[in-house]
1. Quick one: is Leu173 farther than 27 Å from Thr315 by Cβ and among the hydrophobic types (A, V, I, L, M, F, W, C)?
2. Out of the residues in the stretch 282-303 that are in contact (Cβ under 8 Å) with a residue 24 or more places away in the chain and farther than 22 Å from Glu271 by Cα, state the one that is most open to solvent (accessible area, probe 1.4 Å).
3. Filter the stretch 93-111 for residues that are of a type in the set (Gly, Ala, Ser), open to solvent by 20 Å² or more (accessible area, probe 1.4 Å) and either under 18 Å from Asn252 (Cβ atoms) or in contact (Cβ under 8 Å) with a residue 60 or more places away in the chain (or both) and give the result.
4. Please state which of the following conditions Ala180 fails to meet, knowing it meets all the rest: (1) closer than 30 Å to Ala505 by Cα; (2) in a helix (DSSP H, G or I); (3) modelled with pLDDT of 95 or more.
5. May I ask you to list the residues in the stretch 29-43 that are assigned to a loop (DSSP other than H, G, I, E, B), over 17 Å from Ile90 (Cα atoms) and either out of contact with any helix residue (DSSP H, G or I) (no Cβ under 8 Å at 6 or more places or on another chain) or open to solvent by less than 20 Å² (accessible area, probe 1.4 Å) (or both)?
6. Report whether or not Leu493 is closer than 20 Å to Gln459 by Cβ, under 21 Å from the mean Cα position of the chain (by Cα) and at pLDDT 95 or above.
7. Of the numbered conditions (1) open to solvent by less than 10 Å² (accessible area, probe 1.4 Å); (2) of a type in the set (A, V, I, L, M); (3) at pLDDT below 95, Leu227 fails exactly one; give the number of that condition.
8. Please work out which residue is least open to solvent (accessible area, probe 1.4 Å), limiting yourself to the stretch 426-485 and to residues that are among the small types (Gly, Ala, Ser), over 29 Å from Thr134 (Cα atoms) and part of a loop (DSSP other than H, G, I, E, B).
Amino acid sequence: MTDPQLVLTERVQQALAAAFGTEYSDADPLIRPSQFADYQANVAMSLSKRLRRAPREVAQAIADHLTDLPGTVEVSGPGFLNLTLSDDWIAGQAGEVLRDPRSGVAPPSSPQTVVIDYSAPNAAKEMHVGHLRTTIVGDALARVHEHLGNRVVRQNHLGDWGTPFGMLIEHLLDIGEKAAVAQLEAGEGNAYYQAARVKFDSDPEFNRRARTRVVTLQAEDPETMRLWHIFMDATVRYFNKVYTQLGVTLTNDDIAGESMYNPMLAQVCDELTERGVAVVSDGALCVFPPGYTGREDQPLPFMIRKSDGGYGYATTDLATIRYRVQELKADRLLYVIGATQALHMSMLFDSAKMAGWLPEHVRAEHVQIGSVLGGDGKMFKTRSGKSIKLLDLLDEAETRAAEVVRDSEYDEVERREIAHAVGMGAVKYADLSVSHDSEYVFDFDRMLALTGNTGPYLQYAQARIRSIFRKGGVDPAEATGPIVIGHPAERALALRLLGFGSVVAEVAEGSAPHRLAAYLFDVASAFTAFFENCPVLKDDVAPATRASRLALCALTLRVLETGLDLLGVPVPERM
């Protein structure tokens with residue numbers, strides 16, 4: 001265990017037990033970073049009433065029993081414990097993290113199967129900026145859980161089934177397979193859908209054909225299924241262009257669309273009815289999970305089957321939980337879906353629990369995704385009010401990034417590679433650096449800045465470290481120290497690097513990639529101060545100091561590279 005905050009928590013809890021009895025050993029020491037020391041423990045303030053003693057007296061009793069502290073303790077103010085770690089301890093722990101190939105990230109004692117539902121575009125529409133966050137956040141969580149050692153099952157729940165496909169397939173026949181494929185592969189799904197919709201609303205014969213096609217689709221007629229596959233294959237090729245440019249890890253093997261669950265829907269309804277969980281209400285089959293009310297405090301229905309016999313999202317979503325728990329053996333379910341779906345997801349989980357499909361040992365969570373806003377504080381759209389195509393957005397990010405690196409000394413090929421990495425890194429980091437359930441303003445100028453809490457700033461920090469090793473003719477893997485602390489900037493950097501493993505674990509536990517982003521920014525900022533105050537390669541630097549500082553550089557590089565990779569942010573070697 002190298003995280004200073006965890007080490008100090010354990011030591012203070014041991015002191016609590018020694019001073020006041022074992023019943024106090026699990027009290028939260030309330031340890032936080034402090035401007036007066038490395039950390040401050042405020043537990044004496046919270047325990048004083050329980051112990052019926054003055055806070056300062058409680059603090060002194062704890063301090064008297066902190067005999068195994070790797071540093072010093074001081075009682076200050078009304079009862080705060082100021083904890084300062086020794087330089088030798090920090091240096092020794094940093095050396096251990098450097099020697100650890102996982103940089104302090106401990107695998108879980110009992111690996112879990114984590115099913116992550118994310119991205120989930122609608123096959124009848126093109127991807128727009130609204131899909132950006134679910135894709136980026138979900139992919140970061142998948143990377144983090146895999147790095148920890150959990151078994152991750154990605155699920156891209158495409159909207160690839162339902163009544164609209166009747167008119168979409170008929171429109172494909174009208175314009176020809178070749179023209180339809182070209183339009184869909186180019187990401188013109190909205191125009192395709194709108195053209196089909198206009199005919200559906202205005203042409204009675206087309207309307208009749210579309211409705212007939214829905215029946216043959218539901219019956220899985222071979223010719224209809226062939227046309228459906230043509231439509232879907234072209235659409236998925238377009239989705240894959242977006243995923244490739246964005247650098248996310250979704251593949252065709254991860255597609256688990258609505259069509260996959262279609263054969264299960266009748267059985268879902270039958271089981272819910274047999275178990276008495278679902279009842280008929282106004283001709284529709286519904287579940288009424290307790291605690292949900294609508295108008296006039298009437299119980300709110302979770303509709304499983306419509307009065308006309310059709311199924312809806314609720315039916316399919318219940319089938320997904322049943323499948324993921326029973327077939328995929330999920331220990332944890334993460335649904336990375338918009339915050340506007342909070343009521344639906346809550347009723348879904350409660351209905352699944354009523355059905356026995358979501359047992360107590362399985363943890364289901366709605367990772368709520370906030371909206372992306374424009375500079376006016378409204379939903380991010382084009383000037384004409386239309387949704388912005390995701391590919392257009394990503395292309396613009398690369399174009400703007402190319403301007404940022406235009407004056408670099410690299411050749412055209414390298415500049416394009418750097419522009420791609422900087423553009424995608426800027427977009428992804430800007431999203432991941434804010435809490436996933438918060439809204440944020442999409443601002444290219446801020447995202448692409450080389451200073452401040454941005455992706456390019458972090459990318460530049462790791463590129464600068466690589467330049468140190470190139471200039472010194474040293475392989476980072478050969479920079480083994482030992483680490484010795486002689487300057488406050490060295491100390492601050494080493495202390496920050498010790499927390500990497502705990503932060504990764506926190507991200508997985510709380511589904512909170514923004515915590516990792518904040519940590520990496522702190523590391524990069526600490527490295528900047530180190531770089532400005534602690535020469536590494538100058539001739540007047542003593543060999544031992546040079547070796548120590550190269551080791552700190554190597555550990556910083558590994559933490560930044562690993563952390564950025566977990567966020568899905570590319571790391572160019574040069575900038």
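The values are calculated or read from the model by the stated rules, or taken from the named source; none is laboratory data. What you see is a predicted model, and the numbers here were worked out from it, not measured in a lab. Glycine also receives a Cβ, built like all others from the backbone with ideal geometry; neighbour counts cover every protein chain displayed. Surface accessibility is based on the protein's heavy atoms, side chains included, excluding ligands, DNA and RNA. Shrake-Rupley method; radii C 1.70, N 1.55, O 1.52, S 1.80 Å.
1. Values: farther than 27 Å from Thr315 by Cβ: yes; among the hydrophobic types (A, V, I, L, M, F, W, C): yes.
Against the criterion (farther than 27 Å from Thr315 by Cβ and among the hydrophobic types (A, V, I, L, M, F, W, C)), Leu173 qualifies.
2. Per the criteria, the residue is Gly291.
3. Step one: of the stretch 93-111, the residues of a type in the set (Gly, Ala, Ser) are 94-95, 103-104, 106, 109-110.
Still in the list and also open to solvent by 20 Å² or more (accessible area, probe 1.4 Å): 104, 106, 109-110.
Matches in the stretch 93-111: Gly104, Ala106.
4. With (1) closer than 30 Å to Ala505 by Cα; (2) in a helix (DSSP H, G or I); (3) modelled with pLDDT of 95 or more applied to Ala180, the lone miss is (1).
5. Initial filter on the stretch 29-43 (assigned to a loop (DSSP other than H, G, I, E, B)): 29-30, 34-38, 42.
Restricting the remaining residues to those that are over 17 Å from Ile90 (Cα atoms) gives 29-30, 35-36, 42.
If the condition is that a residue be assigned to a loop (DSSP other than H, G, I, E, B), over 17 Å from Ile90 (Cα atoms) and either out of contact with any helix residue (DSSP H, G or I) (no Cβ under 8 Å at 6 or more places or on another chain) or open to solvent by less than 20 Å² (accessible area, probe 1.4 Å) (or both), then Pro29, Gln35, Phe36, Asn42 are the ones that fit.
6. Working: closer than 20 Å to Gln459 by Cβ: yes; under 21 Å from the mean Cα position of the chain (by Cα): no; at pLDDT 95 or above: yes.
Taking the combined requirement at face value, the residue does not satisfy it.
7. Only one criterion is unmet by Leu227, namely (3).
8. Residue satisfying both the conditions and the ranking: Ala479.
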